[in-house]
Amino acid sequence: MEKFTYKNKKINLIYNNDKESYKTASLLKEKLHNRGYNVPDKYDYDAILNICVGGDGAFLRTVHNYGFPEIPFVGVNTGHLGFFQEISPENLDEFIDKLDNQDFTIESLYLVEALVCTRTSCIDLIGVNEIVVKGIESRTIHLNIAINNTYLERFSGDGVIISTPMGSTAYNFSAGGSIVYPTLGVLQLTPLAPINSKVYRSLTTSAIVPRNMTIKLSPEYRDENSILIVVDGEQHSYENIVEINLKISNMKLKLMNLGEHNFWSNVRDKFL
């Protein structure tokens with residue numbers, strides 16, 4: 001965690017289009033103005049903080065839409081799960097008090113990066129929660145998987161999830177993967193409906209891969225045009241994919257921690 005100092009009092013306020021988010025954002029904007037903060041009408045890359053009002057989906061879209069900015073994020077939860085969201089709509093005044101007193105810390109979250117190489121070019125993708133490699137239209141896909149150029153398995157099944165520690169509680173968890181503490185510098189490789197036969201031998205549980213290692217996925221020739229890549233819920237498809245290399249990104253996402261809920265209390269409150 002790192003401490004934080006203000007260079008100005010500009011705060012970006014981004015909100016979902018639903019009625020509850022709009023109502024909460026309007027109230028928060030008024031309260032911030034009354035405390036001397038400036039909320040620009042358009043996104044300002046010189047602001048000190050991004051406040052995202054909505055659920056986890058809105059949070060992830062905001063991060064991607066603005067290109068993984070250096071500005072820290074904090075969320076107000078008007079959605080259902082809200083794992084990224086620190087603030088409830090009932091606690092806006094308490095949040096602004098902490099903002100005034102700088103009673104918070106900034107956490108840096110690990111991101112996952114994929115270099116998708118086709119027969120003609122390579123494309124770079126970044127994910128907050130996960131990058132999923134699966135078959136188009138739910139087709140079974142076949143992948144040769146290596147870690148740091150050491151062959152691991154000949155996979156057959158619906159696909160694989162490569163999740164960050166923060167994303168371990170998202171799709172990865174639903175698919176039977178393990179929960180990983182957010183500050184650990186690892187990726188998790190989780191199979192989706194793996195098939196084991198005399199030809200294909202696939203791990204049936206997730207594997208934890210350290211930060212200095214690269215996961216390489218090489219589709220069989222017949223699957224080069226059958227792959228769908230899903231980054232934090234957003235779909236990407238490319239022709240003639242020959243290799244996908246995944247690793248922890250050098251970029252990080254900054255998240256404001258108000259100290260009200262730690263990771264394990266979030267896990268308990270959201271899932272148990």
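Each residue in the range 213-232 was checked for being open to solvent by 20 Å² or more (accessible area, probe 1.4 Å) and modelled with pLDDT under 95, and 4 of them qualify. The set of residues from the range 90-133 being over 18 Å from the mean Cα position of the chain (by Cα), more than 30 Å from Asn8 (Cβ to Cβ) and open to solvent by 40 Å² or more (accessible area, probe 1.4 Å) comprises Arg119, Thr120, Ser121, Cys122, Ile123.
From the list Leu228, Leu253, Leu258, which residue is closer than 19 Å to Pro165 by Cα and out of contact with any Pro (no Cβ under 7 Å at 6 or more places or on another chain)?
Numbers: Leu228 fails: closer than 19 Å to Pro165 by Cα; Leu258 fails: closer than 19 Å to Pro165 by Cα.
Criteria check complete, one pass: Leu253.
Within the range 4-48, the only residue that satisfies the criterion of being under 14 Å from Leu92 (Cβ atoms), in a loop (DSSP other than H, G, I, E, B) and β-branched (Val, Ile, Thr) is Val39. Checked against (1) among the polar types (S, T, N, Q); (2) in contact (Cβ under 8 Å) with a residue 24 or more places away in the chain; (3) within 17 Å of Leu143 (Cβ to Cβ), Ser249 passes all but condition (3).
Here Pro69 fulfils each of the conditions (1) more than 17 Å from Asn266 (Cα to Cα); (2) not in a loop (DSSP other than H, G, I, E, B) apart from (2).
Residues that are in contact with a strand residue (DSSP E or B) (Cβ under 8 Å, 6 or more places away or on another chain) and either farther than 14 Å from Thr24 by Cα or not in a loop (DSSP other than H, G, I, E, B) (or both) within the range 82-98 comprise Gly82, Phe84, Glu86, Ile87, Pro89, Leu92, Phe95, listed in sequence order. A single member of Ser197, Ser237, Ser174, Ser249 is of a type in the set (Gly, Ala, Ser) and surrounded by 14 or more Cβ atoms within 10 Å (Cβ to Cβ), and it is Ser249. In the range 149-223, counting only strands (runs of 3 or more DSSP E) that sit wholly within it, the ones holding 1 or more residues that are under 20 Å from Trp264 (Cα atoms) and of a type in the set (Gly, Ala, Ser) span 159-163.
Scanning the range 60-72 turns up no residue that is open to solvent by less than 40 Å² (accessible area, probe 1.4 Å), under 22 Å from Lys9 (Cα atoms) and touching a helix residue (DSSP H, G or I) at 6+ places or on another chain (Cβ under 7 Å). For the range 1-13, filtered to residues that are at pLDDT 95 or above and more than 17 Å from Leu258 (Cα to Cα), the residue that is least open to solvent (accessible area, probe 1.4 Å) is Asn12. Taking (1) outside any strand (DSSP E or B); (2) within 16 Å of the chain's Cα centre (by Cα) in turn, Lys247 satisfies each apart from (1).
The values are calculated or read from the model by the stated rules, or taken from the named source; none is laboratory data. Quick caveat, the model's predicted, so the values are computed rather than measured. We place every Cβ from the backbone using ideal geometry, glycine too, and count neighbours over all the protein chains shown. Remember, those area values only see protein heavy atoms, side chains included, never the ligands or the DNA or RNA. Shrake-Rupley method; radii C 1.70, N 1.55, O 1.52, S 1.80 Å.
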